[in-house]
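Peer 1: Take a look at the following structure, please.
Readers should treat all values here as calculations from the given coordinates under stated rules, not as data from a laboratory. Every value quoted in this text rests on a predicted model; they were computed, and no experiment measured them. Quick reminder, even Gly has a Cβ in these numbers, built from the backbone with ideal geometry, and neighbours come from all protein chains shown.
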Amino acid sequence: MVSVKELLDARYVTFLDCETKDECLNTLVDLVSQSENISDEPAFRKAVFERESIFSTGIGLGIALPHVKIPEVKDMTVAVGIHAKGVYWDSLDGEPVHIIFLIAGSSDQHRIYLQTVSKIVLVLKNAKRREQLIVAKSPEEIISLFHTV
């Protein structure tokens, strides 16, 4: 079983200052699309935005988990965006989002995909951990907060 920390790569962790959800999603899609795991960037971008249009991935507590499983993703890839100020996301609780995990999985990675989402949610349920993520100063500091999952 793969850990979240193993899936995180400092190249795909960023600090956001975008004004809108769409700008944030585009930034994270651009970041993940640099991965060799994304074989078709336009299809990936389209899938992310289509998924978001179905139902907001803003789950509350300042967290958004945009996610897709498509054939154009060769292997699980995760990007993290931290937005210190917060951005409106149409979240379940109506609050701004500060922590965004964009999760890209292959169509055949159902089990690891579900495990990854549940592990991320487990870590983010902890208010202290969320605060540590929001005030983190480097990608490495963010990744280190996932040492236990």
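Peer 1: Along its principal axes, what span do the Cα atoms of the chain show, with the longest given first and each in whole Å?
Peer 2: 36, 31, 24
Peer 1: Using bins 10 angstrom wide from zero, how does P(r) for segment 63-149 break down, in % of all Cα pairs?
Peer 2: 16, 48, 31, 5
Peer 1: Here's something else I'd like to know. Please report the net charge: other residues with Cβ closer than 14 Å to the Cβ of GLU72, K and R +1, D and E -1.
Peer 2: -1
Peer 1: Here is a follow-up. Can you flag which of LYS85/LYS125; LYS74/LYS128; LYS69/LYS137; LYS74/LYS137; LYS5/LYS137; LYS46/LYS125 are past 26 Å Cα-Cα?
Peer 2: In this structure, LYS74/LYS128; LYS69/LYS137; LYS74/LYS137; LYS46/LYS125 exceed 26 Å between Cα atoms.
Peer 1: Once every Cα of segment 43-87 carries one equal point scatterer and solvent is ignored, give the base-10 log of I(q)/I(0) from the Debye formula at q = 0.14, 0.15, 0.16, 0.27 Å⁻¹, two decimals.
Peer 2: Evaluating at q = 0.14, 0.15, 0.16, 0.27 Å⁻¹ gives log10 I(q)/I(0) of -0.39, -0.45, -0.50, -1.11.
Peer 1: At 0.36 nm per residue, minus the direct Cα-Cα distance, what do ILE134 and PHE55 gain on full extension? Give it in nm, one decimal, please. Walk me through the numbers on the way to the answer.
Peer 2: Working: separation 79, 0.36 × 79 = 28.44 nm, distance 2.45 nm.
That pair, ILE134 and PHE55, stretches by 26.0 nm at full extension.
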